[in-house]
Every structure is written in structure tokens, then in C-alpha cells.
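See below for the structure under consideration.
Quick note: the coordinates plus some simple rules give every number you see, no bench work behind them. Since this is a predicted model, take the numbers as computed values, not measurements. Note that we place each Cβ from the backbone using ideal geometry, even for glycine, and neighbour counts take in every protein chain shown.
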Amino acid sequence: MRTSWADSADNSATRSSNSHGQSNRAAYVPPHLRNRQSEPPVPSNSAAAMPANDRSNYGGPTASYGGSSFNKPDLGRQGYGSGFQTGGGAWNSNRGGGGRDRGRREVNPFENDDASDQSFGEAENTGINFDAYDDIPVETSGENVPPPVNTFAEIDLGDTLNQNIKRCKYVKPTPVQRYAIPISLAGRDLMACAQTGSGKTAAFCFPIISGIMRETYVQRPRVARTAYPLALILSPTRELSCQIHDEAKKFSYQTGVKVVVAYGGAPINQQLRELERGVDILVATPGRLVDLLERARTLLFSATFPKEIQRLASDFLSSYVFLAVGRVGSSTDLIAQRVEYVLESDKRSHLMDLLHAQRETGIDGKQGLTLVFVETKKGADALEHCLCVNGFPATSIHGDRTQQERELALRSFKSGNTPILVATDVAARGLDIPRVAHVVNFDLPNDIDDYVHRIGRTGRAGKMGLATAFFNESNLSLAKPLADLMQEANQEVPAWLTRYAAKASYGGGNRNRRAGGSRFGGRDFRREGSFNKGADYYGGGTGGHGVPGSYGGGYSQGVTSAWD
DNA sequence: AAAAAAT
């Protein structure tokens, strides 16, 4: 009998055998170490790709891997893992959670939007300031790049999805959406870099959903209590997974496309049950996904993109398009960045001075939230306690708190109940919290990338934000990259910081590793030559639809954007 | 060195 995730949850003894009774616990082998000849083609979505369950069965009697559905032009290779023919049963003809979920009433994900509109006087989803997007440079590289669109109407996403887009109050596509959606709909693989809050979630969700809806004759194997998602979205934290899941639910409302989220810290049984009811799109964090996969023996892949990851990802993307969208806001003109010299022993009182002044001047008023980053989990607890004791309503989020506590903290912060959130880097990436007016780097990170991610929690979607950092002798390694970053963003750099920066660059190696950066958040590593030993075969801007001559703006090296 | 991500 074949093992399903649900079975394994009930009985771990089933872990040792598959449908052929073989022991099959092969360790994960990274793609570049594998024998490529024996490797089946691995497709992908813009976010990530996951093979179907139990890949060891490919080539077996029931598998017709590939097949007509595999290369369908409208979906390209996104229909991966669905090439099984199960004998005429139209598995997906009744959409509704992979065909298994009929009869359950779908909760309206837009229901609460009005309520939050009222309490804050502003819709969360209309926060994007489109004027700020108008001059954003966009660059594409790769062969035969499909042209961008200017409106949602130009893309045939289907009535239901279009309706959801309207319900989300999206009027026109953001730059990353304008470029990424046509590329994805054309069936091309894509590697894209754009800040969160710039519409990236929608950019990869729309084509996935519309693709799954069109894929009417794709059949997934019908094995009781086994999940066959068609798309996988991986994210680095549990809360970000939840956020993406919530968004994806809105986009897929009444489409019959079922979105399920799986992450740690919460009981696995409920998640297994959801998966059992059918899943088209799975949103997950890595740990829980591996757990699920081990229970059912499947393999996995992921994709986010610093250079090593690009290299890894390029092993399973084919002739992909690289898309770089210029920065909006984050670390640039929309965030006012300040650095203050504060001794370790003075940090608490200094922070409270700031918070106090903020309260009086009403910078933050009733709507402004303050996010305070610290380096350690203990430090987060201690600071939260200190603030509360001193009359500042704060809560905290970090990896040692239970998932329940984490989610409660986030809700409490978002709602303005506790307008101060003390956080470790768990909150640094991707979280879209409207109305964060101020980010305080109580403890600076060692890596400038982390700094960029953190301050990117404010100044989102075209709005202004403030970022304050406490700097002292323990942050010397950050002096130069920070000074450079601030200068490039036209921020005032204190003279003392410039002196530290000069000192830091003297003896030590140049920590500013990103030679050849640009005002784009990332660049196509295929163009960098190192990997190809100078054979710059994509050189010269092949097939770009970018904005010509738009380089030379305010940013040069050392700047990265939120690759979240 | 720390944080995150499985139990």
C-alpha cells in the first residue's frame, strides 16, 4: 500500500516502505552534484517548484510522464507532476480543492477588509502609491523575452481572477507584475527580483492560479489521502508563509483553486487534514515541508536568489528570463535614515527618549507603529519587558516564542494595540505591515543586506518611513557599507560615521563585496562572467525590454534590495 | 555569533 502524508502522521512505521515495498530513503542530493542524465526534467514556477509525490514511481506502469498536458502552451511547464494518466477519470474537472472539497463553503477572504478599513481609515490594499512606480527602471535579460503589458485587461487571466483583482482594489499592474505575468503565462521560467510590497506575491500568484484553472485535463493520481499540489511557494518564516497564504486565498477566491499553508509550530495534523482535502497551491516553510516530504518520500527544491542560489536555481530553470525591477522606497528616498552613536549601556534610555518624543510630536500619532530590531531572542524578551515596565505598550516576536505567541504579537502590533514590536530577524523579511512608521535598529546587524531588509519594513509601497540605527564600537564592520548605503540614498551621513568608515576600509579587507551593483536589487549572474569563466554569453543585453540608458542613477555598489 | 526552519 502506498504511503500518504496522513498515514504517516498516524503511523510512523509506514515510513520504511513505498508502493513497491522498497526501502526508499534516498538522501537529498543537490542538483549540481547529481548525474544529470538520469535526472527527469524539473519545471518550475517563479517562486519554486516541487515534483509530485513519490517520484520513484516515474517510469512505472501508471506514469506517462510528460504527455500532452506537460507542454501545454498556456501553462508551459507549470503543470508539472500532473502528467499521470489514471484512466479517464477527470480528476480536476470538478475544481474545488483538487476535486475533493466539494460541498464545503468557501470563506470569503474579503470579508474582514471592510472592518480593517474602518478602524484605520484606509484600505490596506490601496496603500500602493503608483506615482512612485512611474519611473522605476526595469531590466530583463534572457532570450526572446515576452513583452510587458500595461493593464490587467491586456492579459487573459479569466473572469473570476479578474473579479478578485478588482476586489483587491488593484487598479493597474505594478512593474513587476507588468513584466512577470506575461513571461510566466508564456510558459517561460523566470527569476525575478523586486522588493516585497511591490506586488511580487500577486505577480507569481496570478499566473499560477490562472494556469491551474486552465489546466482542465491535467490529471493527478487519485490516491487516497495523498496530496498532489501543482505549485509550491516556499518562504523563510512562518509568518511570511501565512501572509502569502492569505493573499493567495484572496486571489483564488471562487476559482476552485485550493491554497493550503503548512508551517512548523502548529499541530501538523490539522495541516495534513487540509492537504488531504485537496491542494493545488502549497505555501510552506522549509522545515515543515521537509517533514511532510519525508513522510511521503518526495523530493524538493526551492528558490530564492543570492548568487549561490541563482546558481542552484539555474540548474533547474531552463532558458529562463531574469527580471530586475528597480527599487521603490526601501533604502532610498522614501526612507529617512538616521544613525546615532549610542553606547550599549545607553541604548534603553535612548530608545525610550525616542519613543517618548515620538509620542509627543505625534510623528506616529495613533496610526504609526514602531518596529525595534534586536540581535538576540533574549535581548528581545528583555527589551520588551523593559519597555512595558516603563509604560510603553510593547510586545515581541522571535523564534523562541510559541507560534501562538508569535501570531498574537503580530496581530496585536498590526492592530495598534501594542504599537511597539521588538523583534529579531524573524520579522526582517517580507512581512507587509502597513503603517510601520519607524524602524529602530536597536542592535545593528552585521550584514548590510540584513539592514536593508529590516528598514524595508517601513517606507513601503511608496509611503514615507523613518529608520533609526544605534551605532557603537561593536558595529565597526558595518561602518563603511552603512555609510556608503546612506550616501547613495542621499541621506546625511554623520561625520563620525564617515571617519569610522574610513578607518574600517584602511586595514581590513573590503567588506563591500558587491562590485558592479546597480540601482536594481539584483543582477543576472549569467552576465557576471565568473561562473562562465569570462564567456559572457548573455552579454550585451539580449532581448531586453528594459529602459535603455537608465543606469547611472543614485545607486552604485554595495546596495542590495530585499530579495524576499 | 545569531537567527530562522521539524518534533
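Okay, here's what the table says:
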item: Backbone HN-Hα couplings from phi across region A:400-415 [Karplus 6.51/-1.76/1.60, Hz, Gly and Pro as x]; result: 8, 8, 5, 4, 4, 5, 4, 5, 5, 4, 5, 4, 4, 5, 4, 6
item: When each of A:Lys172/A:Lys258; A:Lys200/A:Lys503; A:Lys172/A:Lys377; A:Lys249/A:Lys414; A:Lys250/A:Lys414; A:Lys258/A:Lys414 is checked by Cα-Cα distance, pairs over 31 Å; result: A:Lys200/A:Lys503; A:Lys172/A:Lys377
item: Long-range amide H partners of A:Met191 with built H, under 5 Å; result: A:Val321, A:Phe322, A:Leu323
item: Ordering of A:353-359, A:283-289 by packing [mean C-beta count within 10 Å, highest first]; result: A:283-289, A:353-359
item: Viscosity 1.002 mPa s, temperature 20 °C, Stokes-Einstein D of region A:335-506 from Kirkwood C-alpha radius, µm²/s; result: 133
item: Order by protection proxy (mean Cβ within 10 Å, highest first), peptides A:373-380, A:204-211; result: A:204-211, A:373-380
